[in-house]
Structure formats: structure tokens, C-alpha cells
Amino acid sequence: MDIKFNSDGLVVAIAVDAVTNEILMQAYMNKEALDKTLATGKAHYFSRSRKKLWLKGETSGHFQRVVEVLTDCDADSVLLRVVQTGAACHTGERSCFFTTIKEFEKVPNMSVLRKDADIIEDRRLHPVEGSYTNYLLNKGVEKICKKIGEEASESIIAAMKGDKNELACELADLYYHTFVLMNDRGISLSDVLGVLEERNASERKRNY
């Protein structure tokens, strides 16, 4: 599909986290930037203020590895699903969209799973004294698995009691300890999501 560039030869480009779909930033592309992005798998944009092409991360090191490029139904905007290194925003924030104008309702989203996994990875790389995560990682797989067993049992008890709040808390603990196990065993969140995606596709074929 041919992209519809505007009268200035530009198209709006939105970058989102490939795992969580968290919106990271909005910029513009001209045809050269889009072509370079498609050719290299690294996000390139066009700076309207500097009137030049730029590679995301060329000065900061915060590159965007592109895993998929999409366009909308009118082909007048581009969506990049990316693996972001470091912060997407020049302020140091992961996303440029961190200023709330108004919040009507608090709805937690899937990005918290990535944040949890990132914190656990950071603890592994940069141990913190007194950190429970480091305690578990230092103890190893046997201790971690024991904790998962305990949290699973506590989740079952909460479910049988019919206490939704307690069950939510216990399941959150189960998620956390599972993430620690994943990190210890070298499995990423993307690895698990990939399995779920494959299963979801096969189940749809069987009218699940």
C-alpha cells in the first residue's frame, strides 16, 4: 500500500512498545526516512525543525529496533512496533506521553508487566542490598519454585473463599515470583507471549 504523504512530504509516525503496545512517541517521516526504516529495521524520522533525516538513538544510544511497520486504513499515518532501548523521550522518560491532562478513570494496563520484568532484570544486573528480588535470585531456582508453589496454594485458598481482593493480591504475588523464575531461567516476557500467541491462533482455527 502506498503511503499518503501530506503537502510537505511528511507522514505522522507513532512508535509503540512491541510487547505492551504502550505509546512511546510521535514524530514525522518523509519517504527517505520510511525507506531507511524499512531497509535497516531501525527507526528513522525527519526533523521538521532541523530539516534533516535522523536516526532515533544516534546521539543518545536509545535506538528503536523495529519489528513491524503498519499503516492505517487510509494509509496517511504509520505505526512502528519497536523494541525500545532506554528512554524514548528526550526528557529521559520512557514515553513522551507522561503528562496527564485529565484522567476519568484509573485503568491499569499491560505495560506494568514489562515494568515488573525490567525491574527484576535491573536487580539482577545491579544488585541492591536488602532487595527481596536479589535474595531470591541468589538463592536460586529451588527457592524461587518453592515460593511459586506457596503463592499458587494461597491463590487457590483465596479463590475458594470467594475473596476477590485477596485473590487479586495473591495472583499478583504469583505473577511476580513467576517473573523472577523467568529471569533466573533466561526466559523473557516475549518468549511466553509468543507461546500464548501461537496457542491463541491455533485455538481460533478450532473455533475455541
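The table that follows gives values for the structure above.
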| read-out | value |
| --- | --- |
| Relative contact order [Cα under 8 Å, 6+ residues apart], the chain, whole percent | 15 |
| Residue-span extension gain [Ile23 to Ser60] - 0.36 nm each, minus C-alpha spacing | 11.4 nm |
| Space enclosed by the convex hull of the alpha-carbon atoms of the chain, per residue, Å³ | 204 |
| DSSP loop trypsin sites (Lys or Arg not before Pro) with at most 14 other Cβ within 10 Å excluded, longest remaining stretch of the chain | 107-205 |
| Under Karplus coefficients 6.51, -1.76 and 1.60, residue-wise ³J(HN,Hα) of the range 123-138 in Hz, glycine/proline x | 5, 5, 7, 10, x, 10, 4, x, 6, 5, 4, 5, 4, 5, 5, 5 |
| Radius ratio Rg over Rh of the range 11-84, counting only Cα atoms, Kirkwood formula for Rh | 0.93 |
| Distance (nanometres) between label positions extended 7 Å along Cα→Cβ at Ile101 and Tyr175 | 2.9 |
| Label-zone membership for the range 156-178, site Val195, 7 angstrom Cα→C-beta point, backbone N under 13 Å | 178 |
| Pairs beyond 28 Å (Cα-Cα), from Lys4/Lys42; Lys51/Lys102; Lys115/Lys164 | Lys51/Lys102 |
| Förster-model FRET efficiency, 45 Å R0, Asp8 and Asn165, C-beta, rounded to 0.05 | 0.25 |
| Exposure proxy order (Cβ contacts within 10 Å, fewest to most) of His126, His62 | His126, His62 |
| Additional length obtainable on full extension of the chain from Lys146 to Met110, 0.36 nm per residue less Cα span | 10.3 nm |
| ³J(HN,Hα), Karplus 6.51/-1.76/1.60, whole Hz, each residue of the range 169-185, x for Gly, Pro | 5, 5, 5, 4, 5, 5, 4, 4, 5, 5, 5, 5, 4, 4, 4, 4, 8 |
| Under Karplus coefficients 6.51, -1.76 and 1.60, residue-wise ³J(HN,Hα) of the range 87-94 in Hz, glycine/proline x | 8, 7, 8, 5, 6, x, 6, 4 |
| For Val67, residues with placed amide H under 5 Å, excluding near neighbours | Arg81, Val82, Val83 |
| GluC sites (Glu not before Pro) lying in DSSP loop within the range 81-183, provided at most 12 other Cβ fall within 10 Å | Glu103, Glu105, Glu129 |
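Every number here is computed from the coordinates shown, using simple stated rules; none is lab data. Small disclaimer: the values here were computed from a predicted structure and weren't measured. All Cβ positions, glycine included, derive from the backbone under ideal geometry; neighbour counts span all protein chains shown.
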